[in-house]
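Read-outs throughout are calculated quantities, based only on the coordinates presented, and are distinct from any laboratory measurement. Everything numeric here is computed off the predicted structure, so don't read it as measured data. Note: ideal-geometry Cβ built from the backbone for every residue, glycine included; neighbour counts use all protein chains shown.
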């Protein structure tokens, strides 16, 4: 059923952090002038958590918790406009572990945005979902001022409905400048954004099921830190109801919160050298370290679990305790844990076992306080990425492994 297709469900996963990418604020003598500002080479992340309940035909179906990670780089600045190069990643709470998020889908996007908030995005990009929001008027704003503008939402329904083109519909946000808020020792500027939606969709060609109507609402609060010229946090409440061509109604209700996180370029060569020395000094066996496109990866070869299970043997827990002390030295970096198996059994079984073993390692590291919950993501690759020949026992030992990647961004 379409209602349970992971990251492809028509939910609010990536809507939450997208509406306030790289916001900046200027402070004149009279009123406030809100403008997007860009610094060439600037990088940062946006992290958000969405908690939602899903109802089908008015009856509760399930709850979902989604972690969104967006890496942003200001690639170019021209005439007050910024060219943003972004990676959008969604992760959903594991079905077998209520504490660990599993690897979802990655989207790359590159687009221009002007000083007031209008975007220019090539058609091949599905992200960001919410576009031209917020949009700022070309005037000073006083507390209590209101304004409105047209925005757009764009959704990827290729997997859930077989739609070849993005599903697009307009939105008409209403803005209110609310003034200051003291929060976590900071004096922040507050803008409230709200909009309602009622939209009928044109039936697509050659698809089995599709949305015919959408209704709902979103209430959002953006908080800016004037000292940094960027948003500090974000909050949202939402309720959206989709009517499908088959007659069913699917509703998403929930809340979300997000914040911008500073990020810096990783010196991979130095980090590899540091971790290699620590592994040697701490006598951690069967573990190698290397730099790769995602960051710096520790490979735990021939990691031992109880047969055909995701239960770590005591010796592996001791190894992980030592590795945990190394990981704690880099608390600002998120980590990705990837499970791999040798070529045995079915592809489905290998994939499931590798996912469960990655989650078991993630749970153990979480219990040791290596990272906060939202900083650990797991995935399973089955036997798809072997390091050695699966026809030999020595090769199978190398392929039965778990990799822990300290992510660059």
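In whole percents, the pair-distance distribution calculated for the stretch 333-391 from its alpha-carbon pairs, binned every 10 Å from zero, is 25, 44, 24, 7.
How long are the three semi-axes of the equivalent ellipsoid of the stretch 130-180, in whole Å, if each is the root of 5 times an eigenvalue of the C-alpha gyration tensor, listed from largest down? Don't skip to the end; give the middle numbers.
Values: eigenvalues 218, 18, 11 Å².
Largest first, the stretch 130-180 gives 33, 9, 7 Å.
Compute the long axis of helix 347-367 from its Cα atoms, compare it with the longest principal axis of the Cα atoms of the chain, and write down the angle in degrees, 0 to 90, nearest 10. Approximately 80 degrees, to the nearest 10.
Counting only Cα atoms, the chain measures 69, 54, 34 Å along its principal axes, largest extent leading. The residues 120, 405, when put in order of fewest to most other Cβ atoms within 10 Å, stand as 120, 405. Legend: P(r) of the stretch 100-204 from all alpha carbon pair distances, 10 Å bins from 0, whole percents, reading 12, 33, 31, 19, 5, 0.
Jot down the per residue volume, in cubic angstrom and as a whole number, of the convex hull over the alpha-carbon atoms of the stretch 268-407. Show your work: numbers first, answer last.
On the way: hull volume 14.5 nm³, N = 140.
Per-residue hull volume (Cα only) is 104 Å³.
At the listed q of 0.17 Å⁻¹, the Debye profile of the stretch 135-276, built from one uniform point per Cα, gives log10 I(q)/I(0) equal to -1.01. For the chain, what's the relative contact order in percent, using C-alpha pairs closer than 8 Å and at least 6 residues apart? Reported as a whole number, the value is 14 percent. For the chain, the longest principal axis of the C-alpha atoms and the axis of helix 268-281 are separated by about 40°.
If each residue's Cβ is checked for other Cβ atoms within 10 Å, how do 299, 102, 378 rank with the fewest at the top?
Result, fewest neighbours first: 299, 102, 378.
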